[in-house]
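Report on the following structure.
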Amino acid sequence: QVQLVESGGGLVQAGGSLRLSCAASVSISSINEMGWYRQAPGKQRELVATINSRGNTNYADSVKGRFTISRDNAKNTVYLQMDSLKPEDTADYYCRARFLLIFWGQGTQVTVSS
């Protein structure tokens with residue numbers, strides 16, 4: 001069982017920045033892949049960014065060049081640095097871990113005002 005706790009969401013103006021954190025209950029160095037997903041009201045959950053155990057990253061086209069995913073194995077935490085935020089980035093953001101099974105955090109809300 002892997003428990004994931006997200007933090008760092010909030011309200012920000014367009015053009016601003018936020019950093020999300022996802023703290024895991026296990027050593028993330030043993031987790032195959034961790035990622036951030038988001039779900040806007042009335043829409044399906046979508047991939048934002050992933051990072052695997054080797055540090056390889058993958059981003060949705062809509063966030064490339066604006067968001068950066070990173071991991072700190074010593075703190076068992078994955079981060080999502082979000083810059084140049086747009087109103088369309090407004091969503092609930094979820095941390096996901098793929099470790100034999102798929103585990104999800106509870107989510108953190110991000111609201112970007114225009």
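One table, with the values for the structure above:
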{"quantity": "Derived scalar couplings ³J(HN,Hα) [the stretch 36-52; Karplus, 6.51 cos²θ - 1.76 cosθ + 1.60; whole Hz; x for Gly, Pro]", "calculated": "10, 10, 9, 9, 8, x, x, 10, 6, 5, 10, 5, 10, 7, 9, 9, 9"}
{"quantity": "Additional length obtainable on full extension of the chain from residue 14 to residue 106, 0.36 nm per residue less Cα span", "calculated": "30.6 nm"}
{"quantity": "Whole-Hz couplings from phi, Karplus 6.51/-1.76/1.60, listed for the stretch 97-108; x for Gly and Pro", "calculated": "10, 10, 9, 6, 10, 9, 10, 10, x, 7, x, 9"}
{"quantity": "Per-residue HN-Hα couplings for the stretch 20-28 [Karplus 6.51, -1.76, 1.60; θ = phi - 60°; Hz; x = Gly/Pro]", "calculated": "8, 10, 10, 9, 9, 8, 10, 5, 6"}
{"quantity": "Overall Cα dimensions of the stretch 1-103, principal axis frame, Å, largest first", "calculated": "36, 26, 23"}
{"quantity": "Residue-normalised accessible area of the chain, given per residue in Å² at a 1.4 Å probe", "calculated": "53 Å²"}
{"quantity": "Accessible carbon and sulfur surface of the chain relative to its total accessible area, %, 1.4 Å", "calculated": "44 percent"}
{"quantity": "The stretch 1-86, dipole about Cα centre (Lys/Arg Cβ +1, Asp/Glu Cβ -1), debye to the nearest 20", "calculated": "120 debye"}
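The values are calculated or read from the model by the stated rules, or taken from the named source; none is laboratory data. Because the structure is a prediction, the values reported are computed rather than measured. For neighbour counting, all protein chains shown are included, and Cβ atoms are generated from backbone atoms with ideal geometry for every residue, glycine included. For the accessible areas, the whole protein counts, side chains as well, though only heavy atoms, and no ligand, DNA or RNA atoms are used. Shrake-Rupley method; radii C 1.70, N 1.55, O 1.52, S 1.80 Å.
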